[in-house]
Amino acid sequence: MRWWDIDAVFVLEKELFPDDAWSRGMFWSELAHARGPLATRRYVVAMDGDRLVGYAGLAASGDLADVQTIAVARDHWGSGLGARLLTDLLQAATAFECAEVMLEVRVDNTRAQKLYERFGFEPIGFRRGYYQPGNVDALVMRRTDPSTSVSGVQGTEIHG
């Protein structure tokens, strides 16, 4: 993801997460840590032609990585794009030399939970009222050993 992707990312963010969408400033802040020799973030976008159809981000600190966000346009649900984005983030966690990867997912987002379980994430707890303003709980999940194999997705291009 680059600065020129933020407007398209923000449109998809508002569409998919209307109640608890990140602001443009939050994306700018994350990208400020995604480049250079001291980078601690990995943010990518998925393109279908010249249309942005997904994005994902990871933060690393020491030997721990945290999936910050994964989003896929509704018309690409079930295409494997979410899995491809997650694969990219897990590869980044390995490159950052992280021993484990954490994430939070809405308790009512069973589609995402199933994806994370397929990738070896296990539930370890809850964060009550994590998603605001809706006061929705988050399921906390963890995966040890983030290394994983890559599987391609036809028709999409993922780039940082």
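Observations on the structure shown:
- Probe 1.4 Å, all protein chains present, accessible-area order of Glu15, Glu30, largest first: Glu15, Glu30
- List Phe126, Phe96, ordered by accessible area with a 1.4 Å probe, largest first: Phe126, Phe96
- Charges were assigned to the Cβ only: +1 to each Lys and Arg, -1 to each Asp and Glu. The resulting dipole of the chain about its Cα centre is roughly 40 debye.
- Trp3 sits with roughly 150 Å² accessible to a 1.4 Å probe, with DNA, RNA and ligands left out of the calculation.
- Note on the range 67-149: Cα convex hull, mean projected area over all directions, 5.6 nm².
- Considering only alpha-carbon pairs that sit under 8 angstrom and 6 or more positions apart, the relative contact order computed for the chain is 23 percent.
- In sequence order, calculated HN-Hα J values of the range 113-129 (Karplus, 6.51, -1.76, 1.60; Hz; x Gly/Pro): 4, 5, 4, 5, 5, 4, 8, x, 6, 10, x, 10, x, 10, 10, 5, x
- The modelled label-to-label distance for the pair Leu38/Ser61, using points 7 Å beyond Cα in the direction of Cβ, is 1.6 nm.
- Highest mean packing comes first when the peptides 16-27, 84-95 are listed by Cβ atoms within 10 Å, giving 84-95, 16-27.
- Taken one residue at a time, the phi angles of the range 58-66 give Karplus couplings (6.51, -1.76, 1.60, θ = phi - 60°) of 9, 10, 10, 8, x, 9, 10, 10, 9 Hz. Gly and Pro are set to x.
- Debye intensity ratio I(q)/I(0), log10, the chain, q values 0.16 Å⁻¹ (C-alpha model): -0.92
- Structural size metrics of the range 23-111, computed from C-alpha coordinates, are Rg and Dmax of 13.3, 38 Å.
- Amide H contacts of Leu64: Ala99, each under 5 Å away and 5 or more positions distant or on a separate chain (H built 1.01 Å from N in the peptide plane; Pro and chain starts excluded).
- Per-residue extension of 0.36 nm, minus the Cα-Cα distance of Arg127 and Lys14, leaves a gain of 38.4 nm for this segment.
- Highest GNM mean-square fluctuation among Leu115, Leu38, Leu103, for the chain modelled with Cα contacts below 10 Å: Leu38.
- List Lys14, Lys114, ordered by accessible area with a 1.4 Å probe, largest first: Lys114, Lys14
- Where both bridge residues fall in the chain, DSSP classifies roughly 90% of the beta bridges as antiparallel.
- The range 57-130: GluC sites (Glu not before Pro) falling in loop per DSSP and having at most 11 other Cβ within 10 Å: Glu97
The values are calculated or read from the model by the stated rules, or taken from the named source; none is laboratory data. Remember, predicted model here, so these are calculated numbers, not experimental data. Note that each Cβ is placed from the backbone with ideal geometry, even for glycine, and that neighbours are counted across all protein chains shown. The accessibility values were calculated without ligands, DNA or RNA, using every heavy atom of the protein model including side chains. Shrake-Rupley method; radii C 1.70, N 1.55, O 1.52, S 1.80 Å.
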